[in-house]
1. On the basis of being open to solvent by 20 Å² or more (accessible area, probe 1.4 Å), within 23 Å of Ile320 (Cα to Cα) and assigned to a helix (DSSP H, G or I), does Thr239 make the cut?
2. Where in the range 291-383 are there helices (runs of 4 or more DSSP H), lying fully within it, with 3 or more residues that are without any contact (Cβ under 8 Å) to a residue 60 or more places away in the chain and within 29 Å of Thr277 (Cβ to Cβ)?
3. What's the number of the condition Met244 fails, among (1) surrounded by fewer than 17 Cβ atoms within 10 Å (Cβ to Cβ); (2) in a helix (DSSP H, G or I)?
4. Which members of the range 403-418 meet the condition of being open to solvent by 30 Å² or more (accessible area, probe 1.4 Å) and more than 59 Å from the chain's Cα centre (by Cα)?
5. Checking the structure you have, find out if any residue of the range 360-380 is among the hydroxyl-bearing types (Ser, Thr, Tyr) and surrounded by fewer than 18 Cβ atoms within 10 Å (Cβ to Cβ).
6. Restricting the search to the range 384-398, which residues are without any contact (Cβ under 8 Å) to a residue 24 or more places away in the chain, assigned to a helix (DSSP H, G or I) and either acidic (Asp, Glu) or closer than 16 Å to Asp410 by Cα (or both)?
7. Mind listing whichever residues of the range 270-290 are without any contact (Cβ under 8 Å) to a residue 12 or more places away in the chain and part of a helix (DSSP H, G or I)?
8. Restricting to the range 385-401, give me the number of residues that are of a type outside the set (Ser, Thr, Tyr), exposed (fewer than 13 other Cβ atoms within 10 Å of the Cβ) and either under 24 Å from Pro345 (Cβ atoms) or in contact with a Gly (Cβ under 8 Å, 6 or more places away or on another chain) (or both).
Amino acid sequence: MASFGYQFYRQCSLLRVSSLVASLHTLRIQHAVQPLVPVYSLPANSSSHKHSWVIPERCRWKTCRFTSTGRAVQLQDKNNQDGLQNSLLPYEGQNQQKAAVLESAVTDSQLVDLESASPLSPFEEISDEEALQIAAQPQLPPASVTLRDYVDQSETLSKLVLLGVDLSKLEQRPNVGNMLLRLDFETDIKERLFFLKEVGVEESHLGYFITKNPFILTESMENLQDRVSYLMSKKFSPTAVARMVSKAPYLLNFSVERLDNRLGFFQKELGLNVQKTMDLLTRLPRLLTDSLEPVKENLKVCQIELGFKENEVQHIVTRIPKLLTASKKKLTGIFDYMHNTMGIPHNLIVKFPQALNAKLLRIKERHLFLKHLGRAQYDPAEPNYISLDRLVSLPDEVFCAEIALASLNDFEMFQKTL
């Protein structure tokens, strides 16, 4: 539709030029031949006639010229008739010169009008040669379900891929893809990456870090620096801060007030001193960023359902901090099997709390195999005592050779009977 409108405009412009040229040609003819309007006039006193004639004023010769509009204009009389005719009838060269000047003026003004016309429509058909000369940069897709379509055109995405960022995981999270496309690598990302390296995050770990927490790229530098300064003020060493930030990517997204509340919670609920609280959070920094509900629930389970004392709970969680976030079903299942089936008392479980973090299937298989061999002895006061630590931590080959005193093949055959 736009192409048809443009062609119609060009045709109208050409018609205007043709009309002006035709009018100019007619004007040249009218200037070259300036007609005299006869009114049946004769000289008043003519000596070549015998009789005298009375010629009224209205019947005299009147010299007129026509304008470009077709109107006749009467010229004033002069003393010299020849001079009058010479002044009214220009010679042929003069007529041609005036016509050329007028035609040139009209043509130039018309060209100016054409040059000031609207630009060509993008829908106008062009030749193959003109099309080959057009160089256009590829545009970003208006919409896509994957970030892969934008990597080649987006400097930000391409450099994030080189860092090791997994875009396939980020694009599955709501609004993360749009956020990354709006960021500029030089102004929004580069400075934050350098900051993370200064804190202690290894360069090879940056891709994993951004994959886990892309929102760190939208945090202000002032906030990031304030949070690191707060951790330093709480006597966390630079090595501890580097470990905490690397293991808990969302740590620096928490405000100073929120971090302070988390530190106060663990110190109060566990009854630990400052140093032990810092050691606990350094070993498992995601305690500061994960939900506190599993922690509260497991503390109650250990004290109420499993029957551990407060000081025993403190010892267990400082040795194995992961038990604070472990599944309640797993925690109660392992304790029930060791305490009620294997007959292991609380004090031995507290002495070897890593057994609560082992796999229940491994504990069952090894206990039943030792019981089948008659070597299931877990009382330290009895001979052939087997500690919980060695029971759950040794690999199968060492367990069979040193604890069960049997071959690995025998243990594997026994597992098939279960």
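1. Working: open to solvent by 20 Å² or more (accessible area, probe 1.4 Å): yes; within 23 Å of Ile320 (Cα to Cα): yes; assigned to a helix (DSSP H, G or I): yes.
For Thr239, the condition - open to solvent by 20 Å² or more (accessible area, probe 1.4 Å), within 23 Å of Ile320 (Cα to Cα) and assigned to a helix (DSSP H, G or I) - is met.
2. Working: elements: 293-300, 310-319, 328-336, 346-351, 360-373.
Once the helices (runs of 4 or more DSSP H) in the range 291-383 are filtered for at least 3 residues that are without any contact (Cβ under 8 Å) to a residue 60 or more places away in the chain and within 29 Å of Thr277 (Cβ to Cβ), what remains is 293-300, 310-319, 328-336, 346-351.
3. So the condition that Met244 fails would be (1).
4. Leu405, Ser407, Asp410 - these are the residues of the range 403-418 that are open to solvent by 30 Å² or more (accessible area, probe 1.4 Å) and more than 59 Å from the chain's Cα centre (by Cα).
5. Going through the range 360-380, the residues among the hydroxyl-bearing types (Ser, Thr, Tyr) turn out to be 378.
Filter once more, keeping what is surrounded by fewer than 18 Cβ atoms within 10 Å (Cβ to Cβ): none.
Checking the range 360-380: not a single residue is among the hydroxyl-bearing types (Ser, Thr, Tyr) and surrounded by fewer than 18 Cβ atoms within 10 Å (Cβ to Cβ).
6. Within the range 384-398, the first condition is being without any contact (Cβ under 8 Å) to a residue 24 or more places away in the chain, and the residues that meet it are 384-386, 390, 394-398.
Filter again for assigned to a helix (DSSP H, G or I), leaving 390, 396-398.
Hits for the range 384-398 are Asp396, Glu397, Val398.
7. Taking the range 270-290 and keeping what is without any contact (Cβ under 8 Å) to a residue 12 or more places away in the chain, we get 273, 275.
Once the filter is applied, which keeps residues that are without any contact (Cβ under 8 Å) to a residue 12 or more places away in the chain and part of a helix (DSSP H, G or I), the range 270-290 yields only Gln275.
8. Number satisfying all stated conditions: 0.
The values are calculated or read from the model by the stated rules, or taken from the named source; none is laboratory data. Keep in mind that this is a model prediction, so the values were computed, not measured. Here Cβ is always computed from backbone atoms with ideal geometry, including for glycine, and neighbour counts include all displayed protein chains. These accessible areas exclude ligands, DNA and RNA; they are computed on the full protein's heavy atoms, side chains included. Shrake-Rupley method; radii C 1.70, N 1.55, O 1.52, S 1.80 Å.
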